[in-house]
Amino acid sequence: MSSFAPNRATMPRAAFTLVELLVVIAIIGVLIALLLPAVQQAREAARRMQCNNNLKQIGLALHNYHDVYGSLPSATIRAPYTTSLGWYGKPGWGWGSLILPFIEQDALHEALGVSFNRLENHATIPNFVELSQAKLTAYLCPSSPIDDLNAKFKKNAFDAADVPSSSNYKGVFGSFNEGATSGGPSDCPSGWWRGYCFNAETGLFGAGSKVKFRDITDGTSNTLAIGEVTYGDLGDGVDRMAGAWIGMYDGTGWNGNDQVVRVLSESLANTTARRINGTYRNAFSAHHPGGAQFLFGDGSVHFLPETIDGEVSEDLADRADGNVVGAY
């Protein structure tokens with residue numbers, strides 16, 4: 001008697017049970033959960049590297065500018081500090097405009113007619129609005145959720161309807177003492193607001209400043225030059241406003257606040273708010289986890305943690321205080 005063996009090729013395959021299907025889905029979900037943070041970290045690492053390269057490009061431009069003009073650019077071109085201008089001063093070109101030829105933006109620099117004069121007659125510049133809205137990736141950190149145009153600068157901007165192009169980088173204004181009543185440029189205003197121009201003598205950038213490398217007696221490798229300023233919320237409810245490369249608008253004539261960030265004296269009560277990622281909307285800040293990147297005077301770029309000691313950041317911001325910089 002012959003035996004019958006079933007043909008396995010023709011036998012119906014057992015289907016996945018519901019339990020097996022759920023197990024597979026669960027495994028896929030676990031794998032995605034494990035891989036997603038790694039992908040996000042890789043993307044942030046790439047964005048942070050691009051931001052680092054931007055700052056290095058700015059550093060090279062600043063050094064080339066110094067070679068040509070004998071000093072670093074002013075944070076903004078300003079009028080004399082006279083009370084006739086009132087508290088708000090007049091608009092002026094920013095350092096981001098002044099170094100345009102040194103970041104391969106000669107045509108834009110020429111079209112704007114950037115000069116060492118103030119911007120009171122900007123309305124006479126052909127196509128000024130369109131030119132001032134040019135997107136310059138060299139001034140944008142990829143990690144920052146910033147728009148091409150900085151809507152937060154619409155108020156009191158050059159003209160009411162104009163919104164300038166964004167920037168994520170501002171100059172370091174120095175170790176700032178709001179209560180200063182003496183010192184600083186000879187044409188500083190008198191009274192309690194003297195502090196708003198006092199520290200033009202301490203940092204690398206201020207309204208009307210023209211700092212030379214020989215003025216940085218603490219050493220260029222120990223002195224901050226440019227830092228990050230992000231846009232929007234870091235999860236703490238603070239609506240940070242970043243910057244605009246074109247210059248300062250009418251309303252910050254005393255200190256060029258649109259183009260710089262002040263590092264407050266450690267003795268002041270509100271120092272914490274103005275530290276890296278502090279609650280002050282114009283403090284140095286970034287969407288890089290844990291801190292922000294800074295360009296130093298020698299052209300190097302370093303990541304400074306948001307936990308940096310206030311006294312250390314104050315020493316780094318001052319170009320000639322003679323203090324030994326601690327670890328950061």
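The values are calculated or read from the model by the stated rules, or taken from the named source; none is laboratory data. A quick note: this is a predicted structure, and the numbers were derived from the prediction, not measured. Please note: Cβ atoms are built from the backbone with ideal geometry, for glycine as well, and neighbour counts cover all protein chains shown.
Here's the yes/no breakdown for (1) in contact with an Asp or Glu (Cβ under 9 Å, 6 or more places away or on another chain); (2) at pLDDT below 70; (3) among the aliphatic types (A, V, I, L, M):
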{"site": "V261", "(1), (2), (3)": "no, no, yes"}
{"site": "L268", "(1), (2), (3)": "yes, yes, yes"}
{"site": "A273", "(1), (2), (3)": "no, no, yes"}
{"site": "I276", "(1), (2), (3)": "yes, no, yes"}
{"site": "S285", "(1), (2), (3)": "yes, no, no"}
{"site": "H288", "(1), (2), (3)": "yes, no, no"}
{"site": "F303", "(1), (2), (3)": "no, no, no"}
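Being within 18 Å of F284 (Cα to Cα), modelled with pLDDT of 85 or more and in contact with an Asp or Glu (Cβ under 8 Å, 6 or more places away or on another chain) is a property that G174 lacks. Scanning the range 39-59 for residues that are farther than 30 Å from F205 by Cα and surrounded by 11 or more Cβ atoms within 10 Å (Cβ to Cβ) turns up Q41, R43. Out of the residues in the range 308-328 that are β-branched (V, I, T) and touching a residue at least 12 places away in the same chain (Cβ under 8 Å), state the one that is farthest from A45 (Cα to Cα). Only one residue tops the list, namely V325. If you go through the range 296-311 and keep only what is part of a helix (DSSP H, G or I) and either touching a Leu at 6+ places or on another chain (Cβ under 9 Å) or hydroxyl-bearing (S, T, Y) (or both), you end up with just G310.
In the range 236-248, which residues are modelled with pLDDT under 85 and over 26 Å from D318 (Cα atoms)? Listed by number, the list is empty, since nothing qualifies.
Between L62, L36, which is surrounded by 10 or more Cβ atoms within 10 Å (Cβ to Cβ) and at pLDDT below 95?
Details: L62 fails: at pLDDT below 95.
Every option except L36 fails the conditions.
Contact map, the range 129-147: residues that are within 20 Å of I226 (Cα to Cα) paired with residues that are in a helix (DSSP H, G or I) and of a type in the set (A, V, I, L, M, F, W, C), Cβ distance under 6 Å, separation 6+ or inter-chain. Pairs shown: A138/I103; C141/C51. In the set (1) exposed (fewer than 13 other Cβ atoms within 10 Å of the Cβ); (2) assigned to a helix (DSSP H, G or I); (3) in contact with a strand residue (DSSP E or B) (Cβ under 7 Å, 6 or more places away or on another chain), G96 fails one condition alone, (1).
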